[in-house]
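Reviewing the structure listed below.
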Amino acid sequence: MNLAANLSTEDLQNLDTAHHLHPFTDYAALAKEGSRVITKADGCYLWDSNGNRYLDGMAGLWCMQVGYGRHEIADAVHRQMLELPYYNTFFKTTHPPAVALSQKLAELTPEGLDHVFFAGSGSEANDTVMRMVRYYWARAGKPEKQVIIGRKFGYHGSTVAAAAMGGMGGMHEQAGMIPGVHHITPPYWFDIGRAQGMSPEEFGRAAAHELEKAIDEIGEDKVAAFIAEPIQGAGGVIIPPESYWPEVKRILAERDILFIADEVICGFGRTGEWFGSDYYGLKPDLMPMAKGMSSGYLPISAVMVSGKVLEHLVGEGGEFYHGYTYSGHPASCAAALANIEILQREKIVERVKSVAAPALQKAWFALEDHPLVGEARMVGLVGALELVPDKSDMSKRFAPVGEIGTLCRDISFRNGLVMRAVRDAMIISPPLVISEDEIAELARLVRKTLDDTHAELKSRGMVA
């Protein structure tokens, strides 16, 4: 049913306010302003109910790798729904789409990750990870190894366990913390290392040593795992200095703890490699992933499991009491398989590395000359611009934090570009199929948005 064809934008907004509770939303503020009603999409573009077009610089929510309107995926899902729309994978049962996707993921992911547990979202995948980690150590005869170390500004989802492992203070304040999670300093040089007078290389090593220090203080006999995104996405596209991951790998190699690489955002081509773990040469024991796995066409996620972990999960038998109604949903598996087939057939990941990323990075780094931009950073097709009030003194920040980022985000929408604000950093993560002409358009719209934001701040007396 096409409600947009029968109702005005105002009608849709009123119904939305009356019944729909949005994620991560101030409901009172949204009710005053009204929702943006998106009605259709094609390629890298979205349209709202008033006919306005937007270049989607966020690939939906970090997930629309192959672009909107891919008939191959819709057709694959339609065929699957006619043949087997749903059946569960409990009770010693499987179906061909789950089997085929399991095989494909084992083929694509880093060496040693040969088994997969399916779920429906990144949050579910990371809840699964916590269960697996603690079950693993119990089966290994070390049940006291319970603590999972994460990073501040890390994001692993919004369910209770996933939010606890993440490092978002606001989420912890609302949901509380569960026992056995510890957070360390992230490799955020612009915000932390610079203030400490360190070079990126020095700070990368120092941030890595926070992990070593935490393990020693908590006790290796109590630490179960370290969880980290190769690049921290929702935390502000925190790209670690080159010295960070080599030192973390050394620390992990010397200690008996598991490594969880959260690939929910970095996976399926975002960095110009199939996975962020490939980009940084990481060897995780567990690898949760979602988003780009189906390009968001249907909900699906997975946890890749190494042979080391599998040894104790399987062991001498015994049931792992965990699973979801929609684990390995046949239609979602069909969507993921069709999406991966497009990525491979069109060599989209290779094109990101050789064409799209170099073009976008050149345009992105050129924005560093803007009076509002303190730093431009990017890997593959994911980047951030740090907004500052005074480039001559990078220690100064806008106050309250996040207000100017939100202003810039809203101006960006008005200019026809979807960007995200994290604190006062502007984030992009466009579809991997973005063309060179669209990259030029994106860069033009970002600069216009920065100019408009700067003009607004100048009128308020907030910048010179």
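The values are calculated or read from the model by the stated rules, or taken from the named source; none is laboratory data. Predicted model, so just to flag it, every value in this text is computed and none were measured. Methodologically, a virtual Cβ is constructed for each residue, glycine included, from the backbone with ideal geometry; neighbour enumeration extends over all protein chains shown. In case anyone asks, the SASA skips ligands and DNA or RNA and just uses the protein heavy atoms, side chains included. Shrake-Rupley method; radii C 1.70, N 1.55, O 1.52, S 1.80 Å.
Under the condition of being open to solvent by less than 40 Å² (accessible area, probe 1.4 Å) and under 30 Å from Asp393 (Cβ atoms), which residue from segment 153-167 is nearest to the chain's Cα centre (by Cα)? It would help to see each step written out before you state the result.
Step one: filter segment 153-167 for residues open to solvent by less than 40 Å² (accessible area, probe 1.4 Å), giving 154, 156-157, 161-167.
Remaining after also requiring under 30 Å from Asp393 (Cβ atoms): 154, 167.
Details: Gly154: 10, Gly167: 14 Å.
Only one residue fits best here, namely Gly154.
Of all the listed residues (Glu201, Glu229), the sole one being within 23 Å of the chain's Cα centre (by Cα) and either under 25 Å from Ala125 (Cβ atoms) or open to solvent by 40 Å² or more (accessible area, probe 1.4 Å) (or both) is Glu229. Whether any residue in segment 1-14 is under 29 Å from Leu385 (Cα atoms) and at pLDDT below 95 is what I want to check. For segment 1-14, residues under 29 Å from Leu385 (Cα atoms) and at pLDDT below 95: absent. Out of segment 389-422, which residues are of a type in the set (Gly, Ala, Ser) and surrounded by fewer than 18 Cβ atoms within 10 Å (Cβ to Cβ)? Matches in segment 389-422: Ser392, Ser395, Ala399, Gly402, Gly416. When Arg250 is tested against the conditions (1) open to solvent by 20 Å² or more (accessible area, probe 1.4 Å); (2) closer than 27 Å to Lys347 by Cβ, the lone failure is (2). The set of residues in segment 436-464 being outside any helix (DSSP H, G or I) and without any contact (Cβ under 8 Å) to a residue 60 or more places away in the chain consists of Arg460, Gly461. Pairing residues of segment 77-95 that are on the phi > 0 side of the Ramachandran plot and without any contact (Cβ under 8 Å) to a residue 24 or more places away in the chain with residues that are open to solvent by less than 70 Å² (accessible area, probe 1.4 Å) and not polar (S, T, N, Q), at Cβ distances under 6 Å and at least 6 apart in sequence or on separate chains, gives no pairs at all. Can you name the residue in segment 167-185 that is without any contact (Cβ under 8 Å) to a residue 60 or more places away in the chain and in a loop (DSSP other than H, G, I, E, B) and is also farthest from Val223 (Cα to Cα) among such residues? The selected residue is Gly176. Could you tell me whether any residue of segment 125-133 is open to solvent by 40 Å² or more (accessible area, probe 1.4 Å), among the hydroxyl-bearing types (Ser, Thr, Tyr), closer than 14 Å to Pro288 by Cα and at pLDDT 95 or above? Scanning segment 125-133 turns up no residue that is open to solvent by 40 Å² or more (accessible area, probe 1.4 Å), among the hydroxyl-bearing types (Ser, Thr, Tyr), closer than 14 Å to Pro288 by Cα and at pLDDT 95 or above. Here Ile434 fulfils each of the conditions (1) open to solvent by 70 Å² or more (accessible area, probe 1.4 Å); (2) under 14 Å from Tyr45 (Cα atoms) apart from (1). Pairing residues of segment 216-245 that are touching a residue at least 60 places away in the same chain (Cβ under 8 Å) with residues that are among the acidic types (Asp, Glu), at Cβ distances under 7 Å and at least 6 apart in sequence or on separate chains, gives Asp221/Glu144; Lys222/Glu144; Ile227/Asp262; Ala228/Asp262; Glu229/Asp262.
Restrict the check to segment 139-161 and report whether at least one residue is over 30 Å from Gly269 (Cβ atoms), in contact (Cβ under 8 Å) with a residue 60 or more places away in the chain, assigned to a helix (DSSP H, G or I) and not polar (S, T, N, Q).
To start, the set of residues in segment 139-161 that are over 30 Å from Gly269 (Cβ atoms) comprises 139-147, 160.
Narrowing further to those that are in contact (Cβ under 8 Å) with a residue 60 or more places away in the chain: 139-140, 142, 144-147.
With assigned to a helix (DSSP H, G or I) added as a condition, the list becomes 139.
Retained after the next criterion (residues that are not polar (S, T, N, Q)): 139.
Yes, there is a match, as at least one residue in segment 139-161 is over 30 Å from Gly269 (Cβ atoms), in contact (Cβ under 8 Å) with a residue 60 or more places away in the chain, assigned to a helix (DSSP H, G or I) and not polar (S, T, N, Q).
Scanning segment 356-413 for residues being over 23 Å from Tyr45 (Cα atoms) and of a type outside the set (Asp, Glu) gives a total of 24.
Find the residue count for segment 186-198, including only residues that are in a loop (DSSP other than H, G, I, E, B), surrounded by 14 or more Cβ atoms within 10 Å (Cβ to Cβ) and touching a residue at least 12 places away in the same chain (Cβ under 8 Å). Matching residues across segment 186-198 total 4.
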